[in-house]
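Only one structure is covered here, and it is reproduced in the block below.
The values are calculated or read from the model by the stated rules, or taken from the named source; none is laboratory data. Remember, predicted model here, so these are calculated numbers, not experimental data. All Cβ positions, glycine included, derive from the backbone under ideal geometry; neighbour counts span all protein chains shown.
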Amino acid sequence: MKDKIEYYLQQLEKEKDIRILFACETGSRAWGFASPDSDYDIRVLYVHELDWYLSLSDKKDDLVLMAENNDIDITGWELRKSLRLLNKSNVSMIERLQSPIHYRCDPEFLEKMLEITKANYSRKAAVYHYKSMAGKFLDDMDNSSSYKLKGFFYALRACSACKWILDRKELPPIEFMELLNGIEMKSNLMTRIKELIALKATVDESYMHKEYESDLFHFMQACLDRVKLESQNLPTGNGSWEASEAFFKKVVMN
């Protein structure tokens with residue numbers, strides 16, 4: 001699959017006249033709880049030639065490519081757009097840079113992007129992002145006799161990230177087990193999560209889970225209750241646009 005992904009990345013560079021600076025996996029494969037039929041969610045950061053930026057007109061700053069019967073989903077953001085999002089502590093952007101699975105990666109580029117990420121990190125923005133994500137999936141599962149295990153894990157991961165953010169100053173990690181190992185959690189909950197991860201690795205994305213995981217639902221609700229009480233006191237980011245501007249110009253002029 002890596003060869004196919006690289007082929008489509010090269011095709012995008014030719015067709016769009018761009019230079020891909022970074023390409024990674026996101027979603028369940030990057031988080032560590034993929035199903036056998038999970039697709040490949042590829043996210044790329046790219047830059048245009050200098051002339052593209054020397055224009056008064058607004059231009060499209062993202063791209064999408066679906067391939068291999070939608071098994072490969074490639075979405076890209078242009079570098080200027082990406083840096084603007086980082087300065088707002090956009091979690092989707094941050095998670096791309098944290099991915100453990102790389103298809104294209106310049107270590108120096110990634111190191112600088114992570115430096116900018118940490119400088120602009122807002123715990124308040126991050127906890128609101130994960131709270132919203134958890135709420136969406138929990139609402140879908142509310143009062144249901146069965147629910148998608150995929151959605152359950154999305155909610156569980158988001159709630160765990162909320163707990164991390166409330167308890168710690170560092171960015172929450174993208175990998176699920178690393179996240180869980182970094183927060184306080186009862187051993188019976190951890191055991192059950194590992195069992196469910198093992199189950200998810202054997203069933204399709206469409207699998208409907210019929211067992212009500214009461215202990216884990218209570219854990220998630222407790223995390224969200226804490227967000228309501230404590231999120232207002234969290235600090236916002238205090239990064240500098242100057243660092244992002246300087247880095248953007250360096251990359252584009254290179």
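Remarks
For (1) over 20 Å from residue 239 (Cα atoms); (2) of a type in the set (D, E, K, R); (3) within 18 Å of the chain's Cα centre (by Cα), each residue gets a yes or a no:
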| position | (1), (2), (3) |
| --- | --- |
| 100 | yes, no, yes |
| 118 | no, yes, yes |
| 125 | no, no, yes |
| 140 | yes, yes, no |
| 145 | yes, no, no |
| 156 | yes, no, yes |
| 165 | no, no, yes |
| 170 | no, yes, yes |
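- Residue within the range 49-71 that is touching a residue at least 24 places away in the same chain (Cβ under 8 Å), within 19 Å of residue 110 (Cα to Cα) and assigned by TED's automatic domain parsing to the domain that holds residue 246 present: no
- Enumeration of residues in the range 16-31 that are under 17 Å from residue 102 (Cα atoms), touching a residue at least 24 places away in the same chain (Cβ under 8 Å) and either buried (at least 17 other Cβ atoms within 10 Å of the Cβ) or of a type in the set (Val, Ile, Thr) (or both): 20, 21, 22, 23, 24, 25, 26, 28, 29, 30, 31
- 2 or more residues surrounded by 11 or more Cβ atoms within 10 Å (Cβ to Cβ), modelled with pLDDT of 95 or more and in the same structural domain as residue 87 (by TED's automatic domain parsing): qualifying helices (runs of 4 or more DSSP H) within the range 158-254: 241-253
- The residue list 121, 154, 147 contains one member that is under 27 Å from residue 240 (Cβ atoms) and of a type outside the set (A, V, I, L, M, F, W, C), which is 121.
- Remark: pairs (first residue in the range 135-151, closer than 20 Å to residue 204 by Cα; second residue loosely packed, with under 14 Cβ neighbours inside 10 Å and at pLDDT 90 or above; Cβ separation under 6 Å; 6+ apart in sequence or on different chains) = 146/208; 146/210.
- Check on residue 64, of a type in the set (Val, Ile, Thr) and surrounded by fewer than 17 Cβ atoms within 10 Å (Cβ to Cβ): yes
- Criterion: within 30 Å of residue 224 (Cα to Cα), assigned to a loop (DSSP other than H, G, I, E, B) and not assigned by TED's automatic domain parsing to the domain that holds residue 21 - qualifying residue of 132, 145: 145
- Residue count for the range 45-91, restricted to those that are more than 12 Å from residue 16 (Cα to Cα) and of a type in the set (Phe, Trp, Tyr): 2.
- Subset of the range 103-114 that is touching a residue at least 12 places away in the same chain (Cβ under 8 Å) and assigned to a helix (DSSP H, G or I) - its residue that is surrounded by the most Cβ atoms within 10 Å (Cβ to Cβ): 113
- The range 32-61 - residue that is among the small types (Gly, Ala, Ser) and more than 30 Å from residue 152 (Cβ to Cβ) and, of those, surrounded by the most Cβ atoms within 10 Å (Cβ to Cβ): 55
- Out of 231, 214, 206, sole residue that is small (Gly, Ala, Ser), out of contact with any Ser or Thr (no Cβ under 6 Å at 6 or more places or on another chain) and closer than 16 Å to residue 160 by Cβ: 231
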